[in-house]
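The values are calculated or read from the model by the stated rules, or taken from the named source; none is laboratory data. Nothing here was measured: the structure is a model prediction, and the numbers come from that model. Glycine also receives a Cβ, built like all others from the backbone with ideal geometry; neighbour counts cover every protein chain displayed. Side chains included, ligands, DNA and RNA excluded: accessible areas come from the protein's heavy atoms. Shrake-Rupley method; radii C 1.70, N 1.55, O 1.52, S 1.80 Å.
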Amino acid sequence: STMKRRQTIDSPHSSTDLSEGKEKLRLKKEVGLISGVSLIAGTMIGSGIFMSPEWVLHHMGSPASSLLIWAACGVLAMFGALSYAELGTIIKESGGEYIYILRIFGSFPAFIFAYTSVILVRPAGLAAVSLSFAEYAVAPFYPGCSSPQVVIKCTAAACILLLTIINCLNVRLATSIMNIFTAAKLLALLVIVVGGLVLLAKGQTQNFQNAFQNTTAGIGAVGVAFYQGLWSYDGWNNLNYVTEELKKPEVTLPRAVMIAIPLVTCLYLLVNVSYLAAMTPSELLSSGAVAVTWGDRVLGSWAWLISLSVALSTFGSSNGTFFSGGRVCYVAAREGHMPDILSMAHVRCLTPSPALLFTSTMSLIMIISGTFTSIVNFFSFMAWLFYGMTISGLLYLKIKKPELPRSYKVPIIIPIIVLMAAVYLVFAPIIDQPQMEILYIVLFIFSGVILYFPLVHFKWHPRFLQTLTLHLQLFLEVAPTTREAN
């Protein structure tokens, strides 16, 4: 039965985690400070810094204001991560926002988070990263002009399908791909930073004169600019998904945050300065792939190295999405909030293939129907809605339950600032520039209510769902993962 299978998953004797990310971390046994810094920085540095600069500039209107947005995004990510660090020392369980919302607010809001995260938020993140990979992969074939959208979308779809096959068949290969491509992204950023410093040393500073001219002041435009910038910082909360694997979490969690996020912020600011040293604002805005245009201007015949490095970087980021993608699925299934099929693993490959196939299917739908900037705005709206809920939970614990043991305390003003920013980021674009897509998102979130009460609260399991689960198990060759399966 469904409940028996769930009890098997909940068993303390279970030895194989269905999350590939956790599988990878178990090879190390513990995550120390250096590993924690690498985990945060490696997740944060993805496709955003190669795609978002033109959109931040587009919404803000001037170079100086766009740089202020990038700096403010770094500060906000830092404040959010410090707030999460205290939560991680109070609730020492893996699962990030899901487990915090579950323990503080209860089953219903936790289910809504899992429902939207598994079906919409994570697939949206994968779709956006895959589209940015496609932009850079096809850009060298269309020099001097924008790449056709149909070519970009087909390439992004091929990227997702290839990654799905790799992750479903071989965990070790997927892990190796992520490690190799992390080096590629760091190399690309360092080349851009050094090239920008050389240009500035040669006196190419004209784009920084009257740098605030044409600045946009609308609250909606600033909110959407924050969406695009914060997309590049997404991953600041990644260490909270592996709290159970941290060595001395009360020390490692806040220290890793304080090292990783300022480093990434400085790197992002230097990369943006380099872009503006090589291109005028209008040239940057007209570039579909900013780093490629930068490479054409600065590296000349060696510009293809930038395209290759960024394509490898974004491909690796797409791969990384699969590693963390199974964790919420698994923890939610363990708590009875997700279908059992999504928490099962392939009987021979021991990979969470049902969860991966579901995520990739939803991502393909989003690629067909959306563009990079629309998907990022959609992702950011959903993400900051739940970040705000999680931060409000921390404020509740600080005010109502100060007696709870906590080895690290963040000053209360910091989560208050993050909560105010989250409220602004959720409501400002709605008030200033209301869009039908936001209404669809809200309706989708509330549709979770229809599913929650019969399936979770009253534990009603229709026979046809049990039959469907059985047939999917046979077709996909998956089973609940236990010690015997390992």
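For region 399-408, the criterion of being open to solvent by less than 50 Å² (accessible area, probe 1.4 Å) and either touching a strand residue (DSSP E or B) at 6+ places or on another chain (Cβ under 8 Å) or closer than 16 Å to S83 by Cβ (or both) is met by at least one residue.
From C168, C154, which residue is over 21 Å from L342 (Cα atoms) and either part of a helix (DSSP H, G or I) or in contact (Cβ under 8 Å) with a residue 24 or more places away in the chain (or both)?
Sole residue among the options that is over 21 Å from L342 (Cα atoms) and either part of a helix (DSSP H, G or I) or in contact (Cβ under 8 Å) with a residue 24 or more places away in the chain (or both): C154.
Return yes when S130 is of a type in the set (S, T, N, Q), touching a helix residue (DSSP H, G or I) at 6+ places or on another chain (Cβ under 8 Å) and in a helix (DSSP H, G or I) and no when it is not. For S130, the condition - of a type in the set (S, T, N, Q), touching a helix residue (DSSP H, G or I) at 6+ places or on another chain (Cβ under 8 Å) and in a helix (DSSP H, G or I) - is met.
Contact annotation: residue pairs with Cβ atoms under 8 Å, 6 or more positions apart or on different chains, pairing a residue in region 290-305 that is of a type in the set (A, V, I, L, M) with a partner that is open to solvent by 20 Å² or more (accessible area, probe 1.4 Å) and not in a helix (DSSP H, G or I), are L305/L299.
Would you mind stating whether F386 is in contact (Cβ under 8 Å) with a residue 60 or more places away in the chain and outside any loop (DSSP other than H, G, I, E, B)? Taking the combined requirement at face value, the residue satisfies it. Being modelled with pLDDT of 85 or more, small (G, A, S) and either open to solvent by less than 40 Å² (accessible area, probe 1.4 Å) or part of a helix (DSSP H, G or I) (or both) is a property that does not hold for S318. In the set I450, I413, only one residue is at pLDDT 85 or above, among the hydrophobic types (A, V, I, L, M, F, W, C), closer than 22 Å to L120 by Cα and loosely packed, with under 13 Cβ neighbours inside 10 Å; that residue is I450. Quick one: would you say Y424 is aromatic (F, W, Y) and either surrounded by fewer than 18 Cβ atoms within 10 Å (Cβ to Cβ) or not in a helix (DSSP H, G or I) (or both)? So Y424 passes the test.
Among the residues of region 98-113, are any assigned to a helix (DSSP H, G or I), open to solvent by less than 30 Å² (accessible area, probe 1.4 Å), in contact with a His (Cβ under 7 Å, 6 or more places away or on another chain) and under 28 Å from K459 (Cβ atoms)? Looking through region 98-113, at least one residue is assigned to a helix (DSSP H, G or I), open to solvent by less than 30 Å² (accessible area, probe 1.4 Å), in contact with a His (Cβ under 7 Å, 6 or more places away or on another chain) and under 28 Å from K459 (Cβ atoms).
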